[in-house]
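The values are calculated or read from the model by the stated rules, or taken from the named source; none is laboratory data. Just so it is clear, the model here is predicted, and its values are computed rather than measured. Glycine gets a Cβ as well: all are built from the backbone with ideal geometry, and neighbour counts include every protein chain shown. For accessibility, only protein heavy atoms count, side chains too; no ligands or nucleic acids. Shrake-Rupley method; radii C 1.70, N 1.55, O 1.52, S 1.80 Å.
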Amino acid sequence: MAESRLAQLATSPLLQNFAITASQKAIRPVGQFIAPLCEVPDLTFRYKSYTENNRYRVPVTKRQPGAKATVLGFAASDVSQTLEPNALDFPIPNAEQLSDEGLQFSIMEAQGTLADASALALENEIVQAAITAAAASNLSQAADFTNANTDPIALLDNLILSVMKAAKNGAPVKILFGATKFKQFRNNPNVRGRFVVGAGRSQGKDAVGIVSPTITDVGPLLMTNPEVQLSLMVIDQSVPGAAANIQFLLDTEVIVFASNGTPNRMDPSFMKTFAIMGGFFKSGSYTTEDQRDQVLKMDWTTLPVVTNSAAVGALT
């Protein structure tokens, strides 16, 4: 069977590069913040999993003359996993009737839409898993940031130290705020009181001092000056046919966790997104069984995993 015009154009170097670039740009920062990519050589692989009962330990590197070195590697007791296939399709009606330019633009639009939707689905999966793991952590506790007697900075400092102990310094600490939790944090008097605002005079007038902490101001307030991000992803929690119920995916929690920006299969990061080496978003096309329609497709093989359930805590 002759290759369709859509398939010919979609596999051209120009549109393949466009698809790769669109996929890279679409990757959501919060998902990568919580569970950075960890490339694996094959669809089936092993990784180290750490818990309260199976803790990360710094390896012994000293070796006596003639003695064997400490061996790092995977054993039968380590977790064996397989990357999960994911896919989305985007039909292009009347593809054979479009001009070359029109078809090219339609392919680019479809590739951009598929890249954005697939990245959004991946971030949703990552954040949902992080929320579940943080809720189950024995480091997590309730903390009312709207209470003037609550000091969010002191609570976060304590949680940072606890997570560092759990991770054995094997990965830096990061912090992710839910939308409402950050609103409460920035308005807490104990947080606002740490900002010194000099009003003075400007152009012969009394200047106005404004205390308005942003997410970029949080790290320097805390021990270790951790990376801090804000999750603003929203989802519709209603069932089909019911009125919309739009909520923030991460809302009234702040999650503190250990995470290497470039993890490997053995480090003690809280979460990782395992993906096949060489790029995991793959654009392609196919013709429907009845030969009537052309479909652009996006396939990806990833697996977000909580790899160190001990190295996370939350204030809820």
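Tell me, what is the FRET efficiency for PHE248 and ARG63 to the nearest 0.05, using R0 = 45 angstrom and their Cβ-Cβ distance as r? Walk me through the numbers before you get to the answer.
On the way: r = 52 Å, r/R0 = 1.15.
Computed FRET efficiency for PHE248 and ARG63 comes out at 0.30.
Would you calculate a helix-derived [θ] at 222 nm for the chain, using -39,500 (n - 2.57) for each DSSP H run of n ≥ 4 and dividing by the full residue count, to the nearest 500?
-9500 deg cm²/dmol
Over all directions, average the projected area of the Cα convex hull of region 63-151 and note it in nm².
16.0 nm²
Leaving out ligands and nucleic acids, note down the accessible area per residue over region 70-195 with a 1.4 angstrom probe, in whole Å².
49 Å²
If we count every other residue with Cβ under 14 angstrom of PRO91's Cβ, Lys/Arg +1 and Asp/Glu -1, where does the sum land?
-4
Determine the sum of side-chain charges near ALA129: Lys and Arg each +1, Asp and Glu each -1, restricted to other residues whose C-beta is under 12 angstrom from that of ALA129.
-1
How large is the charge dipole for the chain, taken about the Cα centre, if only the Cβ atoms of Lys, Arg (+1) and Asp, Glu (-1) carry charge, to the nearest 20 debye?
So the dipole magnitude of the chain works out to roughly 1820 debye.
Output the Cα-based Rg and Dmax of the chain in Å, rounding Rg to one decimal and Dmax to a whole number.
24.3, 81
Once you compute Rg and the Kirkwood Rh from C-alpha atoms, what is the Rg to Rh ratio for region 215-299?
Reported Rg/Rh, Kirkwood definition of Rh: 1.13.
Can you give the Kirkwood hydrodynamic radius of region 100-206 from its Cα pairs, in Å with one decimal? Please list the in-between numbers first.
Details: mean 1/r = 0.0542 Å⁻¹.
Hydrodynamic radius (Kirkwood, Cα pairs) of region 100-206 is 18.4 Å.
Over the chain, what is the mean sequence separation of C-alpha contacts under 8 Å (at least six apart), divided by residue count, expressed as relative contact order in percent?
Relative contact order for the chain comes out at 32 percent.
May I ask for the longest run of the chain untouched by trypsin sites (Lys or Arg not before Pro) that are loop-located per DSSP and have at most 11 neighbouring C-beta atoms (other than their own) within 10 Å? Write down the numbers at each step before the final one.
Numbers: sites that count: ARG57, LYS62, ARG63, LYS68, ARG292.
Within the chain, the longest run free of exposed trypsin sites (Lys or Arg not before Pro) spans 69-291.
Can you pull the accessible area of GLU84 for me, 1.4 Å probe, Å² to the nearest 10?
The accessible area comes out at roughly 80 Å².
On a 0 to 90° scale, report how tilted helix 13-26 is relative to the longest principal axis of the chain, with both axes built from alpha carbons and the result rounded to the nearest 10.
30 degrees
What number comes out for accessible area per residue over region 205-316 if the probe is 1.4 Å? Units Å², please.
46 Å²
If you roll a 1.4 angstrom probe over the protein chains with everything in place, what fraction of the accessible area of the chain belongs to carbon and sulfur, to the nearest %?
In the chain, the share of accessible area belonging to carbon and sulfur is 53 percent.
Determine, for the chain, the count of lysine pairs separated by eight or more sequence positions (or lying on different chains) whose alpha-carbon distance falls under 17 Å.
Values: LYS25/LYS282; LYS48/LYS168; LYS48/LYS272; LYS165/LYS174; LYS174/LYS272; LYS282/LYS297.
Lysine pair count for the chain: 6.
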